[in-house]
Amino acid sequence: MKNNLKKLIPYAFVGVISGATTFGAINYFEVKNHDSEFSYFAPKKNTDASFASFNMAGVGDDFVKAAKMTVPAVVSIKNFSNRTSQRSDQDLFDLFFGNPFGNNQRQPQQQPQQEMPRGMGSGVIISPDGYIISNNHVIAGATKLEVQLSNKKTYVANLVGTDPTTDIALLKIEEKGLPYLNFANSDNVEVGQWVLAVGNPMGLNSTVTAGIVSAKGRSIDLLSQQSRTPIENFIQTDAAINPGNSGGALVNPNGELIGINSAISSKTGYYEGYGFAVPSNLARKVVEDIKKFGLVQRGFLGVRSLDLSDTRQVAQYNQQNKTNIKANEGVYITDVTAKGGAEDAGLRPGDIITKVDNTVISNYYDLSFAVGSKRPGDKVAVTYLRNGKENTTNVTLKDEKGNTTFRSKADLSVTEKIGSEFEPLSEKFKTDYGLTSGVIAKNVLDGSEMAKIGIVDNYIVIEINGKPVNSQKDVEKILDKYQGNVQVKYVDDFGRITTRGFKMP
């Protein structure tokens, strides 16, 4: 069954490891504004000046101060997993840091079914009561997350929530009086200013590196491999970032958090001069949503689009639709969602979006960041071209379900709660392989309940709670309003039948 399964149902492997750079040290900041839900998050301040003009003596002093403030707040994270699939645990490492083995592809090996560390990364303490921000790819697939402080004290962390769309995750350890970092306003970060990266590269704990911001608003088409609606607006830096630094801190000389280090651009898998960090404003919005609601509240414009800056995408679209659209800057609307915000505001196919509020829209990632960093119910001014004439309209953003109100975990569908969608198996396939039931797992989210028990895309789920499943509706019917332990019987890519379980979230 093993070989035929591979031919008939392609499978994808999802790995677990991390990498990015950071370093730092931290002091105890006074907690202000106790009436705020997120009082430990520093208010956005215009404190990020252009530090590139400092002389080297001044910079050295500021680096020492910033390092002393940052290092105590940056932690090491071990990802433990007991996956039993054929996938390589280096896959996400290769995704975010490149394959250091070049074209000599390593042969995936079957992993033993036992809990062991599969990856290491970094995290940043953002509150004195133990909230820690990191990357989604650092915690992906973990059955246990172990956090070690700079003083070597170790804790088992709880995963509060994760957002593959921005590659951000929020963890919590049970402790009080911890050193933590304040968020700075990343909108005020300037190209050329000095920054420090703090983290745990290649097992070297509490490592600090220095550099400058070399670019802003970078999109490197990385997160599309773990999210259908990626938001990329990275801060680019030449501060050295290496595997193990993912989730660590990028700070200004004041020791304020301006970004979460996530990836590098490299042909070898190691630092070659370009590192990328999620801006603090976006990271802060994500963790605030996760902390308060249990999930990210993300606004959508309600359009299908074509990135006019992508000449290949434009050419392909023209060929498929027999059109003659010209490549340029901006985002071309190919369709509008029924009853979505864009339709309500009068936008229609053929319009070219050029600006959202004060943000110029040059490509898809500009649009995804300008809209995706807002919440349902927020209003944005959309400037667009129609027949060569510029127009502006106000759009009220909605969520993916068409709502303008916030959702909680209780409002999620069954497939959203367990982190997987399902497609039916053909009757011929069932007959050929002796199966009486089964659905194919699709779009399995990293860190989800299904992922934690070892299921990845294209595995076949046969039964849930002892009942056969043949459609997504069957899965939803069994688990709708269900509370307690869930038993899942599935077939992996070797053709082996495994039964695992989780507690319904």
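The values are calculated or read from the model by the stated rules, or taken from the named source; none is laboratory data. Computed from a predicted structure; not experimentally measured. Positions of Cβ are generated from backbone atoms using ideal geometry, with glycine treated the same way; all protein chains shown enter the neighbour counts. These accessible areas exclude ligands, DNA and RNA; they are computed on the full protein's heavy atoms, side chains included. Shrake-Rupley method; radii C 1.70, N 1.55, O 1.52, S 1.80 Å.
Quick notes
- Meets criteria (among the β-branched types (Val, Ile, Thr) and in contact with a Leu (Cβ under 9 Å, 6 or more places away or on another chain)) for residue 166: yes
- Candidate set: region 484-505, residues that are assigned to a loop (DSSP other than H, G, I, E, B) and within 22 Å of residue 143 (Cβ to Cβ); chosen: the one farthest from the chain's Cα centre (by Cα): 496
- Candidate set: region 297-322, residues that are closer than 20 Å to residue 373 by Cβ and among the hydrophobic types (A, V, I, L, M, F, W, C); chosen: the one least open to solvent (accessible area, probe 1.4 Å): 301
- Within region 389-444, restricting attention to residues that are within 20 Å of residue 339 (Cβ to Cβ) and among the hydrophobic types (A, V, I, L, M, F, W, C), the residue that is modelled with the lowest pLDDT is 406.
- Residue 481 meets the stated requirement of being of a type outside the set (S, T, N, Q), in a loop (DSSP other than H, G, I, E, B) and under 15 Å from residue 417 (Cα atoms).
- Complete set of residues in region 294-321 that are without any contact (Cβ under 8 Å) to a residue 12 or more places away in the chain and in contact with a strand residue (DSSP E or B) (Cβ under 9 Å, 6 or more places away or on another chain): 313, 321
- Residues that are over 19 Å from the mean Cα position of the chain (by Cα) and either in contact (Cβ under 8 Å) with a residue 40 or more places away in the chain or within 19 Å of residue 162 (Cβ to Cβ) (or both), drawn from region 393-407: 393, 394, 395, 396, 397, 398, 402, 406, 407
- Residue satisfying all of: in region 443-483; open to solvent by 20 Å² or more (accessible area, probe 1.4 Å) and of a type in the set (Val, Ile, Thr); nearest to the chain's Cα centre (by Cα) among these: 444
- Residues within region 223-237 that are closer than 12 Å to residue 263 by Cα and touching a strand residue (DSSP E or B) at 6+ places or on another chain (Cβ under 6 Å), tallied: 4
- The residues of region 115-135 that are surrounded by fewer than 24 Cβ atoms within 10 Å (Cβ to Cβ), more than 14 Å from residue 160 (Cβ to Cβ) and at pLDDT 95 or above amount to a single one, 128.
- Qualifying positions in region 64-90 - open to solvent by less than 40 Å² (accessible area, probe 1.4 Å), at pLDDT below 90 and farther than 17 Å from residue 173 by Cβ: 81, 82, 83, 84, 85, 86, 87, 88, 89
- In the condition set (1) modelled with pLDDT of 90 or more; (2) buried (at least 22 other Cβ atoms within 10 Å of the Cβ); (3) touching a helix residue (DSSP H, G or I) at 6+ places or on another chain (Cβ under 8 Å), residue 210 is compliant with all but (2).
- Counting the residues of region 376-412 that are part of a loop (DSSP other than H, G, I, E, B), open to solvent by 40 Å² or more (accessible area, probe 1.4 Å) and small (Gly, Ala, Ser) gives 2.
- Residue that is farthest from the chain's Cα centre (by Cα), among those in region 287-335 that are among the aliphatic types (A, V, I, L, M) and farther than 13 Å from residue 353 by Cα: 325
- Residues of region 341-375 that are touching a strand residue (DSSP E or B) at 6+ places or on another chain (Cβ under 8 Å), open to solvent by 10 Å² or more (accessible area, probe 1.4 Å), at negative phi and part of a loop (DSSP other than H, G, I, E, B): 345, 348, 349, 363, 374.
- Those residues of region 323-340 which are open to solvent by 40 Å² or more (accessible area, probe 1.4 Å) and within 14 Å of residue 300 (Cβ to Cβ), in sequence order: 335, 337, 338, 339
- Taking residues in region 494-505 that are within 14 Å of residue 461 (Cα to Cα) and free of Cβ contacts under 8 Å to residues at least 60 places away in the same chain, and partners anywhere that are open to solvent by 40 Å² or more (accessible area, probe 1.4 Å) and in a strand (DSSP E or B), the pairs with Cβ atoms closer than 9 Å and at least 6 places apart or on different chains are 497/489; 499/463; 499/487; 499/489; 500/487; 500/489; 501/485; 501/487.
- Residue match in region 213-231 (condition: free of Cβ contacts under 8 Å to residues at least 24 places away in the same chain and farther than 20 Å from residue 187 by Cα): yes
- Within region 448-477, the set of residues being among the hydrophobic types (A, V, I, L, M, F, W, C) and either modelled with pLDDT of 95 or more or part of a strand (DSSP E or B) (or both) comprises 460, 461, 462, 464, 469, 475.
- Of all the numbered requirements in (1) within 19 Å of residue 161 (Cα to Cα); (2) buried (at least 24 other Cβ atoms within 10 Å of the Cβ), residue 234 misses one, and that requirement is (1).
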